[in-house]
Amino acid sequence: MSVIDLNCDLGESFGPYSMGFDREVMEHITSANVACGWHAGDPMVMDHTVKLAGERGVSVGAHPGYPDMLGFGRRHMDCSPDELKNYVIYQVGALDAFCRIHGLTLSHVKPHGKLYLDCLDRQHQARAIAEAVYSYNPRLIYVAFAGARGELMRKVADEVGLKVAFEAFPDRAYTPEGLLVPRGVPGAVVTDPSEVAEISLRVATEQKMITSDGTIIDLEAQTLCVHGDTPTALELVQSIRKALVANGVNVAPMSDFLG
């Protein structure tokens, strides 16, 4: 039986501003990537989200980003390796504190937005973030971009000594080169539940992705991500899980089979 994790980026509300469907989505996923207060979230939201994950038996990971609340962490920031390392340690440590008070063990770290995508081709950035995770806790799983374009993240994580979970995005269109189609391009975000379920099943069982021009590329992944700010996020995770289970794929936290 195949096994795969289903994760979602959550905890992205801030103060009186509510974003996403955290409570509803939490019923269907196996891992939650919780915003750490820099690109989204705040201490109250972090506490609430971690508590909710614990109540639902969902594995918790830190989702650190650039200090870019206004841009939701989707803009590049020119930071030194030391800055990047300490930014990640700061955020992971904060989220881990909430895990501890709720009796949970932090399982993984997944960089957010542009912080994540910059690791695909910026050697100093990829290494700084991997070293930050390892220096904080070498047992944490590092979530990295699946496919050929994630090779730098894989290489650096291996050199540092981190376990890696490769991640695919069934709610995003891919370019023939294996990158995500930029969000400003029509069709970049896939919102149809049946289409996203079909994409997820193909990745889980065939390790393939059909790109925006019809090219088929290899995409081996241990975890599937749905973005919590997608308007149909709840419908997407429901449809994905139903399709996977119906086709004999075991859906389980990455910490269960990679930890």
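Give Glu220, Glu206, Glu235 a once-over and let me know the one that is of a type in the set (Asp, Glu), loosely packed, with under 14 Cβ neighbours inside 10 Å and without any contact (Cβ under 8 Å) to a residue 60 or more places away in the chain.
Glu206
Filter the range 3-32 down to the residues that are within 19 Å of Arg75 (Cβ to Cβ) and touching a Cys at 6+ places or on another chain (Cβ under 8 Å) and list them by number.
Correct list: Asp9 only.
Being buried (at least 19 other Cβ atoms within 10 Å of the Cβ) and over 18 Å from Pro231 (Cα atoms) is the filter; apply it to the range 12-33 and report the residue that is farthest from the chain's Cα centre (by Cα).
Thr30
What's the number of the condition Leu70 fails, among (1) surrounded by fewer than 22 Cβ atoms within 10 Å (Cβ to Cβ); (2) under 25 Å from Met19 (Cα atoms); (3) in contact (Cβ under 8 Å) with a residue 12 or more places away in the chain?
Result: Leu70 fails condition (3) only.
Just to be sure I understand the filter: pairs with C-beta atoms under 6 Å, separated by 6 or more residues or on different chains, first member in the range 185-202 and of a type in the set (Ser, Thr, Tyr), second member surrounded by fewer than 19 Cβ atoms within 10 Å (Cβ to Cβ). Which pairs pass?
Filtered contacts from the range 185-202: Thr191/Thr232.
Of the residues in the range 108-161, how many are part of a loop (DSSP other than H, G, I, E, B) and buried (at least 20 other Cβ atoms within 10 Å of the Cβ)?
Of the residues in that region, 6 qualify.
Quick check, is Val60 over 15 Å from Ala40 (Cβ atoms), in contact with a Gly (Cβ under 9 Å, 6 or more places away or on another chain) and among the β-branched types (Val, Ile, Thr)?
yes
Identify all residues within the range 38-62 that are hydrophobic (A, V, I, L, M, F, W, C), under 19 Å from the mean Cα position of the chain (by Cα) and within 11 Å of Gly11 (Cβ to Cβ); write none if there are none.
Ala40, Val45, Met46, Val50, Leu52, Ala53, Val60, Ala62
Do we find a residue being in contact (Cβ under 8 Å) with a residue 60 or more places away in the chain and within 23 Å of Ser2 (Cβ to Cβ) anywhere in the range 114-136?
Scanning the range 114-136, I find no residue that is in contact (Cβ under 8 Å) with a residue 60 or more places away in the chain and within 23 Å of Ser2 (Cβ to Cβ), so the answer is no.
Please find, among Val196, Val251, the residue that is more than 13 Å from Asp5 (Cα to Cα), hydrophobic (A, V, I, L, M, F, W, C) and buried (at least 17 other Cβ atoms within 10 Å of the Cβ).
Criteria check complete, one pass: Val196.
Given the conditions (1) in a helix (DSSP H, G or I); (2) over 18 Å from His227 (Cα atoms); (3) among the hydroxyl-bearing types (Ser, Thr, Tyr), report the number of the one that Thr105 does not fulfil.
(1)
Can you tell me which residue in the range 227-257 is farthest from Arg56 (Cα to Cα), limited to those that are modelled with pLDDT of 95 or more and β-branched (Val, Ile, Thr)?
Selected residue: Val249.
Does Pro231 count as closer than 21 Å to Cys119 by Cα, under 18 Å from the mean Cα position of the chain (by Cα) and part of a loop (DSSP other than H, G, I, E, B)?
Considered against the rule, which asks whether it is closer than 21 Å to Cys119 by Cα, under 18 Å from the mean Cα position of the chain (by Cα) and part of a loop (DSSP other than H, G, I, E, B), Pro231 comes out as no.
Residues to consider are Asp9, Asp42; find the one that is touching a strand residue (DSSP E or B) at 6+ places or on another chain (Cβ under 6 Å) and either among the β-branched types (Val, Ile, Thr) or surrounded by fewer than 24 Cβ atoms within 10 Å (Cβ to Cβ) (or both).
Checking each option against the conditions leaves just Asp42.
The values are calculated or read from the model by the stated rules, or taken from the named source; none is laboratory data. Everything numeric here is computed off the predicted structure, so don't read it as measured data. Virtual Cβ from ideal backbone geometry, glycine too; neighbours counted across all protein chains shown.
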